[in-house]
1. Within region 235-244, is there a residue that is surrounded by fewer than 18 Cβ atoms within 10 Å (Cβ to Cβ), at pLDDT 90 or above and closer than 19 Å to Gly182 by Cβ?
2. Of the conditions (1) touching a His at 6+ places or on another chain (Cβ under 9 Å); (2) surrounded by 24 or more Cβ atoms within 10 Å (Cβ to Cβ); (3) not acidic (Asp, Glu), Leu150 satisfies every one except a single condition; which number is it?
3. Can you pull out the residues in region 88-103 that are closer than 20 Å to His255 by Cα, of a type in the set (A, V, I, L, M, F, W, C) and in contact (Cβ under 8 Å) with a residue 24 or more places away in the chain?
4. Tell me which of these Arg256 doesn't satisfy, since it passes every other one: (1) at pLDDT 90 or above; (2) of a type in the set (D, E, K, R); (3) farther than 21 Å from Gly182 by Cα.
5. What are the pairs, 6+ residues apart or on separate chains, where a residue within region 157-178 that is in contact (Cβ under 8 Å) with a residue 12 or more places away in the chain and on the phi > 0 side of the Ramachandran plot has its Cβ under 8 Å from a residue that is near the ligand (Cβ under 9 Å from one of its atoms) and among the polar types (S, T, N, Q)?
6. Starting from region 104-132, keep only residues that are at negative phi and at pLDDT 90 or above, then list their pairs with residues that are surrounded by fewer than 18 Cβ atoms within 10 Å (Cβ to Cβ) and hydroxyl-bearing (Ser, Thr, Tyr) whose Cβ atoms are within a distance under 9 Å, requiring at least 6 positions of separation or different chains.
7. Mind checking which residues of region 167-196 are of a type outside the set (A, V, I, L, M, F, W, C) and more than 9 Å from the ligand (Cβ to nearest atom)?
Amino acid sequence: MAKRSPAAWLRRAVILLVMCLAALLAVRVVLRQAPAPRLALGTDVHDAVRAVARDQALAAVAGEPTIRTPHFIIKYPAGDRADAAIVASQVEKAYAFVFARMGGRPADPVVVRVETRAALAADLGVPPNQDPLGAYWRGVIWLLTPSAYLSGTAAQRQAAFAAVGPVAHELTHLADDDITGGRMPAFLDEGMAQYMQWRFSGYRWLQADNTFCQPHYSWRQLAGEFDSLPNQALAYRESFAVVRAVEAASPGAAHRMLAAIAAGATSAQAVRDAVGSREETALASGSAWSCGSGRASSASAAPAAQTAGATVTSRAWPANASGREPL
Ligand SMILES: [Zn+2]
């Protein structure tokens, strides 16, 4: 057996370190309800871990058919071409929208895995009752096949898929991850993703149990316990409201918030830097959000939601895509 040089051992050690980190990160799946690991890695390690995760995600479905678009590699189960085509019809529009506003572009084509409900739950390691419609994990996007939660003809499902905007949501997680090097706090990450999704499609997650006619979660709860808060729908709505308030504060405020997080700021410091006042200001104005009384927002009106004649059946992303309810 040939003796290894010190350089070869060093390379081997680095590869092993990256593999160990990838295995560690694989323990935690990034769901819309359970967002990305907020592990602050060095940029090189962060990029290396994402490269490993991307390779693994592609290797796992190497035998599946593929749709290529200029910026995406879409893998889907054999026989699910119609749904994969629905996804493919949206990805480039969402990509152009998200990265024009967030800045930067991924160096490599984005891997999207379209999966059945059972396969998605198995991939992500979640119980079936969580029923996620999408996920982002280390540069890779998972999407539940549209026919699993949208009914109607292919054209109707395509219109309904566009009206929900899940690709814009997951791409925003990718942008957040890129910009902050994996440091994005969970609730601001979900707030940004929902905000961009809303601006793209008009979709908002509104349902009976996330009305503001109830006690709000505090900033401390959102920042410290977001993933485990029992009313996830309310936590998500508040996270959206915070980001919307930041965006409305002044031009470029959200970008300043992201830059501060990238530089190591806490969520509170980052929002403070962005809006020029205490972060609680954003949530304190939540008193005016109560019960649909409407907070006068300077944010632009959402584009009109499309009506598709199709039904969104998922509990996670219900059919109320009006985008009209005031904060
Ligand atoms: Zn999300």
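The values are calculated or read from the model by the stated rules, or taken from the named source; none is laboratory data. A quick note: this is a predicted structure, and the numbers were derived from the prediction, not measured. Don't worry about glycine lacking a Cβ; one is built from the backbone with ideal geometry, like all the others, and counts go over all protein chains shown.
1. Scanning region 235-244, I find no residue that is surrounded by fewer than 18 Cβ atoms within 10 Å (Cβ to Cβ), at pLDDT 90 or above and closer than 19 Å to Gly182 by Cβ, so the answer is no.
2. Here Leu150 clears every test but (1).
3. Ala94, Phe97, Val98, Phe99, Met102, listed by residue number.
4. Status for Arg256: all satisfied but (3).
5. Short answer, once both residue conditions are applied: Gly165/Gln197.
6. Short answer, once both residue conditions are applied: Pro109/Thr69.
7. Residues of region 167-196 that are of a type outside the set (A, V, I, L, M, F, W, C), as a first pass: 169-170, 172-173, 176-178, 180-183, 185, 189-191, 194-195.
Matches in region 167-196: Asp176, Asp177, Asp178, Thr180, Gly181, Gly182, Arg183, Pro185, Gly191, Tyr195.
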